[in-house]
Amino acid sequence: MAVRRDRVRLTVLLGPVSLFLGICFVGPLVVMIIYSLLEPGLYGGVEWNFYHWSYGRILGWADGEWEDFDWVYAEIFLRSARLAFINVLITLALCYPAALWVRGLPRRWRLFIVFLITLPFFISLVVRLFAWVLILRPTGFLNSSLLGLGLIEEPFDIIFTETAVLIGMAYVLLPFMFLPVYASVEKLDHSLFEASSDLGASSIQTFFRVTVPLTLPGIAAGSVLVFIPSLGNFIVPDLLGGAKVLMIGNLIEQQFLSARNWPFGAVLSVMMMAIMFLLILIYLRRIGRMQTRP
Amino acid sequence: MKLRLARRLFGAYGVLFLVFVYAPIVMIVAFSFNSNPINMMVWSGFTFDWYWTILGYPTELNEDTLYVESTDQLLAAVKNSLIVAAFTTTISTVLGTMTALALFRYRFRAQRFYQGLLYMPMVMPDIVLGIALLVFFVSIGMSLGLYSIIIGHCTFLISYVFVVVSARLAGMDNTLEEASADLGANEWVTFRRVTLPHIAPGVVGGALLAFIISMDDLVITYFIAGVDSTTLPLFIYGMLRRGVKPEINAIATLMLLFTFIIASLGLYLRRRS
């Protein structure tokens with residue numbers, strides 16, 4: 001009797017959300033996968049015929065004809081992966097010392113500083129990037145200050161370069177690295193450091209042999225959380241990279257809004273989703289196992 | 001000795017880190033009060049004129065310039081954003097809280113599946129979700145507009161509310177509910193008098209989070225907004241693509257103020273509970 005009542009309650013509680021996410025979240029993903037296997041329509045949209053060459057196009061061939069071999073898409077893919085990877089390194093290098101710093105602060109300060117560091121996450125993406133446009137453009141803050149200080153003779157180009165994209169992405173994704181890294185740094189037991197130095201380890205040895213291995217789960221989580229949105233970013237390269245630094249995100253956007261090859265855009269999105277699943281799977285396998293170990 | 005030096009170095013780095021995070025934001029606020037209409041980088045006096053400009057009032061600064069961006073469009077965008085945020089906050093708060101309660105209270109076979117399903121929209125790259133929703137709406141023949149944006153935002157905001165409320169539930173003492181039942185309260189009364197007051201800060205926190213993310217979302221909205229359902233972030237993005245104008249500083253500053261108010265409210269609630 002009680003079991004049945006529980007079941008009714010569970011259905012009432014979970015029914016609406018199942019229905020909603022089933023239709024409006026899983027549904028769209030399924031439709032996108034179907035679209036990736038359809039023939040592109042002439043003026044956007046699709047023809048309902050099975051067509052798998054959109055997948056081949058990423059590697060450079062269209063319609064199965066090797067003569068159209070073009071590395072451009074593979075190149076864009078590789079560039080995105082490279083920039084996303086560099087961005088992981090940058091955010092890690094910035095956030096790890098900051099996390100150690102916050103850990104050493106008096107308790108009452110910590111919550112407030114963590115709040116300050118994560119607050120920009122809630123500030124509109126477009127506002128944060130606007131700030132960097134103002135800083136980096138030729139007549140912008142950076143160039144004006146350097147000119148004013150007499151450090152450079154004439155403004156140098158930094159906007160619309162990979163450097164600008166990396167700065168913007170690192171700035172935007174900082175909280176995603178900071179929070180998981182800080183969560184694992186905060187848990188470090190101080191007696192471990194003492195033990196390490198008592199046993200004669202130098203502070204550098206302690207850092208690499210004790211601190212880093214123990215915070216690896218946080219580093220890994222932060223890396224996944226930064227890598228995925230970096231890879232698919234299209235607003236940052238659009239505003240700070242211009243036409244020169246094209247990333248997968250821009251390519252996907254173009255397929256839907258200007259090139260009007262929806263199946264190809266869907267293929268690129270499916271690939272992104274596949275990479276995401278792969279990374280999360282690796283993360284769960286490796287880190288999940290690490291955390292269950294005593 | 002060495003330790004103190006290390007500590008100082010960390011302290012200096014920490015300050016630099018915060019400067020890196022906040023300098024760009026402070027800069028926008030400062031520029032929004034700069035009365036130089038030609039070059040933002042040169043300070044030529046304090047003015048509120050950019051704020052008057054975006055509200056559509058003629059000022060000394062824009063009399064002879066072409067800076068006036070249509071205020072009607074801006075206000076319409078603000079209105080759209082508020083409508084979308086109000087609806088998505090309500091829907092995702094109710095559904096997210098229900099899901100959190102269900103997964104916390106009951107043990108069932110599909111539990112891990114549901115957990116995975118709820119985490120997925122949060123790690124999914126925005127662009128993938130945006131594209132999937134666009135393709136979905138087009139294929140079922142739904143026209144793009146405020147409805148499609150509301151649905152789109154709910155798909156990932158339910159997860160955020162779910163996470164916040166779940167965290168609150170995890171810290172709850174089971175014996176309270178048992179005590180309530182022992183004292184003869186039925187389950188509904190127990191829920192209303194014990195469970196709900198306990199999770200209320202989590203629910204409000206989740207709602208604030210959903211509201212703020214909905215107001216700020218650019219990427220997903222970009223793909224599923226219709227012609228006349230431009231939201232505030234989309235409007236600014238459009239302005240920015242056409243060129244940098246001083247009055248964007250004023251709009252951005254007002255958005256910053258709004259964000260700070262909501263975030264401080266959230267922090268205050270967390271402190272109090």
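Restricting B:V163, B:V94 to residues that are more than 9 Å from every other protein chain (Cβ to nearest Cβ), aliphatic (A, V, I, L, M) and within 25 Å of the chain's Cα centre (by Cα) narrows the list to B:V163.
Might you let me know whether the range A:188-197 holds any residue that is touching a residue at least 60 places away in the same chain (Cβ under 8 Å), within 29 Å of A:I282 (Cα to Cα) and acidic (D, E)? Taking every residue of the range A:188-197 in turn, none turns out to be touching a residue at least 60 places away in the same chain (Cβ under 8 Å), within 29 Å of A:I282 (Cα to Cα) and acidic (D, E). When A:S191 is tested against (1) of a type in the set (S, T, Y); (2) within 26 Å of the chain's Cα centre (by Cα); (3) within 28 Å of A:R110 (Cα to Cα); (4) open to solvent by 50 Å² or more (accessible area, probe 1.4 Å), exactly one condition is not met: (2). Would it be correct to say that B:L232 is in contact with a Pro (Cβ under 6 Å, 6 or more places away or on another chain), over 19 Å from A:F115 (Cβ atoms), surrounded by 16 or more Cβ atoms within 10 Å (Cβ to Cβ) and not basic (K, R)? When the stated conditions are applied, B:L232 does not pass them.
Selection within the range A:15-56: residues that are in a helix (DSSP H, G or I), modelled with pLDDT under 90 and in contact with a helix residue (DSSP H, G or I) (Cβ under 6 Å, 6 or more places away or on another chain). The member of this set that is nearest to the other protein chains (Cβ to nearest Cβ) is A:S54. Number of residues in the range B:235-250 that are more than 10 Å from chain A (Cβ to nearest Cβ) and open to solvent by 30 Å² or more (accessible area, probe 1.4 Å): the value is 2.
When we screen B:L265, B:L157, B:L183 for residues that are aliphatic (A, V, I, L, M) and outside the structural domain of B:Y114 (by TED's automatic domain parsing), the only hit is B:L265. Of the candidates B:A181, B:A210, B:A167, the single residue that is under 29 Å from B:A250 (Cα atoms) and in a helix (DSSP H, G or I) is B:A210. Of all residues in the range B:122-142, those satisfying the criterion of being open to solvent by 10 Å² or more (accessible area, probe 1.4 Å) and more than 8 Å from chain A (Cβ to nearest Cβ) are B:M122, B:I140, B:G141, B:M142. Only one of the numbered conditions (1) within 10 Å of chain A (Cβ to nearest Cβ); (2) within 25 Å of the chain's Cα centre (by Cα); (3) under 19 Å from A:F20 (Cα atoms); (4) crowded, with 16+ Cβ neighbours inside 10 Å is not met by B:Y119, and that is (4).
Are any of the residues in the range B:85-107 open to solvent by 40 Å² or more (accessible area, probe 1.4 Å), under 19 Å from B:M239 (Cβ atoms) and assigned to a helix (DSSP H, G or I)? No: the range B:85-107 contains no residue that is open to solvent by 40 Å² or more (accessible area, probe 1.4 Å), under 19 Å from B:M239 (Cβ atoms) and assigned to a helix (DSSP H, G or I). Note on the range A:79-133: among residues that are of a type in the set (F, W, Y) and more than 30 Å from B:L265 (Cβ to Cβ), the one that is nearest to the other protein chains (Cβ to nearest Cβ) is A:Y96.
Restricting the range A:74-84 to residues that are modelled with pLDDT of 90 or more and exposed (fewer than 15 other Cβ atoms within 10 Å of the Cβ) leaves a set whose member that is nearest to B:I251 (Cα to Cα) is A:R82. When restricted to residues that are open to solvent by less than 40 Å² (accessible area, probe 1.4 Å), farther than 14 Å from B:L95 by Cα and of a type in the set (S, T, Y), the range B:143-161 contains 1.
Set side by side, the residues B:I224, B:I220 differ, and just one is touching an Asp or Glu at 6+ places or on another chain (Cβ under 8 Å), surrounded by 22 or more Cβ atoms within 10 Å (Cβ to Cβ) and within 12 Å of chain A (Cβ to nearest Cβ), which is B:I220.
Among the residues of the range A:1-10, just one is more than 8 Å from chain B (Cβ to nearest Cβ) and surrounded by 12 or more Cβ atoms within 10 Å (Cβ to Cβ), namely A:R7. Residue count for the range A:70-84, restricted to those that are outside any helix (DSSP H, G or I) and hydrophobic (A, V, I, L, M, F, W, C): 1. Taken as a whole, the range A:92-114 holds no residue that is outside any loop (DSSP other than H, G, I, E, B) and in contact with a Leu (Cβ under 6 Å, 6 or more places away or on another chain). Using the structure shown, decide if B:T253 is within 11 Å of another protein chain (Cβ to nearest Cβ), among the hydroxyl-bearing types (S, T, Y), touching a residue at least 40 places away in the same chain (Cβ under 8 Å) and open to solvent by 10 Å² or more (accessible area, probe 1.4 Å). It is true that B:T253 is within 11 Å of another protein chain (Cβ to nearest Cβ), among the hydroxyl-bearing types (S, T, Y), touching a residue at least 40 places away in the same chain (Cβ under 8 Å) and open to solvent by 10 Å² or more (accessible area, probe 1.4 Å).
Is there a residue in the range A:245-252 that is surrounded by 23 or more Cβ atoms within 10 Å (Cβ to Cβ) and either facing chain B (nearest Cβ under 8 Å) or without any contact (Cβ under 8 Å) to a residue 12 or more places away in the chain (or both)? Among the residues of the range A:245-252, at least one is surrounded by 23 or more Cβ atoms within 10 Å (Cβ to Cβ) and either facing chain B (nearest Cβ under 8 Å) or without any contact (Cβ under 8 Å) to a residue 12 or more places away in the chain (or both), which makes the answer yes.
The values are calculated or read from the model by the stated rules, or taken from the named source; none is laboratory data. What you are looking at is a predicted structure, and each value in this text was computed from that prediction instead of being measured. Every residue, glycine among them, receives a Cβ derived from its backbone with ideal geometry; neighbour counts consider all protein chains shown. Protein only, heavy atoms only, side chains kept; ligands, DNA and RNA dropped before computing areas. Shrake-Rupley method; radii C 1.70, N 1.55, O 1.52, S 1.80 Å.
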